[in-house]
Structures are given as structure tokens and as C-alpha cells.
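A.B. asks: Take this structure first; my questions come after.
Just so you know, all these numbers are worked out from the coordinates, no wet-lab data involved. None of these values were measured; they are calculated from a predicted model. Note that we place each Cβ from the backbone using ideal geometry, even for glycine, and neighbour counts take in every protein chain shown.
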Amino acid sequence: MRALITGISGFAGSHLAEYCLNRGDIEVFGTIRWRSRTENIDHIKNKVQLMECDIRDATSVLKVLEKVKPDLIFHLAAQSFVPTSWHAPTETLITNIVGQVNIFEAVRELNLATRIQLACSSEEYGMVYEGEIPIKETNPLRPLSPYAVSKVTQDLLGYQYHESYDMFIVRTRAFNHEGPRRGEVFVTSNFAKQIAEIEKGEKEPVIKVGNLDAIRDFTDVRDTVRGYWLSLEKCEPGEVYNIASGKGTKIREMLNTLLKFSGVDVEIKRDPARMRPSDVQILVGDHSKFSKATGWEPKIPFEKTLEDLLNHWRERV
Ligand code: GDD
């Protein structure tokens, strides 16, 4: 079986590639842009086939799909950082929405029977009210950033292409997933990196933070990508599934856990530049629909995820 991972050199993409390779029964292909940094996949570069592709370019997508003719597509390539979507909304919408349409249209043009997983997001729920926790897939979508709107659109296009053309498309709404190789702009990784720098004496003992009161539902990326695989093996095409741990953690609590692993004495300083025009205050997901369909349960405790992430940065700073 041939699996194509868009965004293979990204955080989740690299872990999914490892998962597929470890299975031993999959030929793994991945798309990268000509300028992509590839350190996340350097260790597996000789085991995967990398294809140069910009998903925003329809010709580029068509050519790759013509060559690979994948049985499975895991569509992870995206502009994935929420704050960037306020600075570059057009770029975010084009990459995420048009990029996905290019993939769908290429699959149609080539008449492929490819099964497609879409990396949609818990950010789509956006403004969530107290009585709506834990969030089910049927919750209203009230997106609070251009990024979230792009993911709502990707999600709905997935539904529409399934209904219109009977394409095998499964939509997964992953809640926050963390672990080694997480991009340094995201909160867990950013704080872990700052702590590692303080430990090495490379930075004054001050941790810059944004909104510490937000609550997120964290899953280890290695559990999330196993979920992505299962979604194409066991889920119903056209349907949408939450992949979540079901537990809420305050960002402040997450920071305290990282500090507990370190023991450094720090000052915590609010950085206004890290505050968002509208932040999603609480996301805690109900994953019972996905677990029922696939048997999936999160396995790796969040403390272990954070410890692995801190050690990742200790080896790099
Ligand atoms: N990045 C960042 N940096 N976030 C901070 C900081 C900081 O210094 N301080 C507090 N936060 C808060 C943010 O305001 C937000 O409420 C929360 O920490 C998590 O921020 P991120 O790690 O940037 O992730 P996200 O929740 O915005 O989005 C991630 O999860 C989504 C799934 O729910 C991304 O991975 C998205 O691509 C993904 O779709």
C-alpha cells in the first residue's frame, strides 16, 4: 500500500511517517516544498520518498499524484499556527483551503480510489460554552481566528466532496497534540525551549508567556498519528471524529509541570505580544465516537509527553 503524507517534514507528518514505517507494510511518500527544512525527517530520509510539491499549485499537486497514485492520503500540510493567521490571513486561507481543493480535484481528475484523511482541528469549535464540555462533533462551530475558519472550510469541503462525488474522505478534528519536534512557536514547545535555555545559562531566568488561563485538551502526537492511521482503516467516509484525551489542562498547570521537571527558579512574565485578538478559552473533547469506531484510546500520559519534549530541547539548545 502506498501512503502519501502531505507536510511530511512537519511535526505530526514526521511522527506519522515513523508510524507507517514501523508497520512495515506501507510504502511512504511525502510532499515537501523546495525550501522546506527537513530536520524532522533526516533520520528516516532514506526510507521515505520525498516529492517536491507546493499544494497551492494545482499543477504541482496533479503531477505528484499522477506519479505516486497513493492508496491513502494523510493531508497534514497547512499553515498551522493560529497567531500567524491574523498576520497573514490570505496566505492561511489559500494554503489551507485552496491547497486541499487542489488535492481533491487531482484525485478526481486521475480517477483515483484514494482514501483521504483530513487534519481538521478542535480550533473549529472556537467559542465553547460551559454546558458544552466535553465537546461532541455535533457542537456548533464558532471559529475565532482566520486559521479556525480555514479549518472549518476544509472540514466542510471534505463533507461536500464526499457527498457530491462519493469520495472516501474522513475528517478528524484533532485537539492539541504535543511531543518531541513540536514547532517552537507552540506553547508547550516554546516554554520547554525557554526552560532548557535557562538551564544552560543561555537566557536570563525569565519565562515569557501569553494567556495562561486558557484550557486545552492535550494528546501525545504519537497517539494522535496512530489515530490518523486508524481513521482511514476503520472510520466511515464522510463522517467527522474528535481525536482528544478528554482531559482539560490549564496552560499555567502545563508550565508548572515543565518547571517541576527542571527545578530552575524563574520569574514568569506576561508578554503582551503573545496575547491574541480572540483566544479560544476552553477546549476539552469527547472522543467516544472515534473510540467506538476504532478502539483508539490515548496511551501516553501528558507528563511523559512534556518530559520528552523538554529532553528534546535539552539536546538542542
Ligand atoms: N503559542 C503560545 N505561546 N501560546 C501561548 C503562550 C505562548 O507564549 N502563552 C499562552 N499561550 C496559550 C495560547 O493563547 C493558547 O490559548 C494556548 O496557549 C495554546 O496555544 P498554541 O500552542 O499556540 O496552540 P493552539 O491551541 O492555538 O493551536 C494548536 O492546536 C490546534 C488544535 O486545537 C495548533 O497546533 C493548531 O494547528 C491546532 O489546530
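A.B. asks: At 20 °C and a viscosity of 1.002 mPa s, what translational diffusion coefficient does Stokes-Einstein give for the chain, taking Rh as the Kirkwood radius over Cα pairs? Give it in µm²/s as a whole number.
C.D. replies: Estimated via Stokes-Einstein, D reaches 107 µm²/s.
A.B. asks: What number results when the radius of gyration of region 26-185, computed over Cα atoms, is divided by 2.2 N^0.38 Å? Don't jump to the answer; show the numbers that get you there.
C.D. replies: On the way: Rg = 16.3 Å, N = 160, 2.2 N^0.38 = 15.1 Å.
Computed over Cα atoms of region 26-185, the ratio equals 1.08.
A.B. asks: Let me ask something else about it. Rounded to the nearest Å, what's the spacing between the alpha carbon centres of region 197-271 and region 24-103? Just the number, please.
C.D. replies: A separation of 24 Å, based on Cα centres.
A.B. asks: For region 1-45, what is the convex hull volume of its Cα atoms per residue in Å³?
C.D. replies: About 60 Å³ per residue, rounded to a whole number.
A.B. asks: Mind listing the long-range amide H neighbours of Gly246? Cut-off is under 5 Å, sequence gap 5 or more, other chains count too, H placed in the peptide plane at 1.01 Å from N.
C.D. replies: Under 5 Å from the amide H of Gly246 lie the amide H atoms of Gly285, each far enough along the sequence or on another chain.
A.B. asks: Treating the angle as unsigned and between 0 and 90°, give the value, to the nearest 10°, between the Cα long axis of helix 146-165 and the longest Cα principal axis of the chain.
C.D. replies: In the chain, helix 146-165 runs at an angle near 20 degrees to the longest axis.
A.B. asks: Next up: Provide, in order from the shortest bin, the percent of all Cα-Cα pairs of region 8-115 in each 10 Å bin, continuing until the bin that contains the maximum pair distance.
C.D. replies: The distribution over region 8-115 is 14, 45, 34, 7, 0, given as percents.
A.B. asks: Measure nothing fancy, just the Cα-based angle from helix 58-68's long axis to the longest principal axis of the chain, in degrees from 0 to 90, nearest 10.
C.D. replies: 80 degrees
A.B. asks: Normalised radius of gyration for region 144-240, please: alpha carbon Rg relative to 2.2 N^0.38 Å, two decimal places.
C.D. replies: Expressed relative to 2.2 N^0.38 Å, the Cα Rg reads 1.45.
A.B. asks: Another question about this same structure. From the Cα trace of region 90-147, what convex hull volume per residue do you get, rounded to a whole Å³? Write down the numbers at each step before the final one.
C.D. replies: Numbers: hull volume 5.4 nm³, N = 58.
So the per-residue Cα hull volume is 93 Å³.
A.B. asks: Could you list, in their original order, any pairs among Lys151/Lys247; Lys260/Lys299; Lys45/Lys234; Lys69/Lys299 whose Cα atoms are separated by more than 24 Å?
C.D. replies: Lys45/Lys234; Lys69/Lys299
A.B. asks: Calculate how many DSSP beta bridges within the chain are antiparallel, expressed in % of all such bridges and rounded to the nearest 5.
C.D. replies: 5 percent
A.B. asks: With +1 on each Lys and Arg Cβ and -1 on each Asp and Glu Cβ, how big is the dipole of region 140-230 about its Cα centre, in debye rounded to the nearest 20?
C.D. replies: Using Cβ point charges on Lys, Arg, Asp and Glu, region 140-230 gives about 40 debye.
A.B. asks: May I pose another question? For the chain, what is the relative contact order in percent, using Cα pairs closer than 8 Å and at least 6 residues apart in sequence?
C.D. replies: Working: 634 pairs, mean separation 58.1, N = 317.
It rounds to 18 percent for the chain.
A.B. asks: What base-10 log of the normalised intensity I(q)/I(0) is obtained for region 227-278 from the Debye formula, alpha carbons as equal point scatterers, at q = 0.13, 0.14, 0.29, 0.30 Å⁻¹?
C.D. replies: -0.64, -0.69, -1.16, -1.19
A.B. asks: Work out how far the C-alpha atoms of region 180-317 reach from end to end along every principal axis, then list the three figures in whole Å, largest first.
C.D. replies: Principal axes ranked by extent give 51, 34, 20 Å for the Cα atoms.
A.B. asks: Still on this model: If you line up the long axis of helix 99-109 against the longest principal axis of the chain, both from Cα atoms, how many degrees apart are they, to the nearest 10?
C.D. replies: 20 degrees
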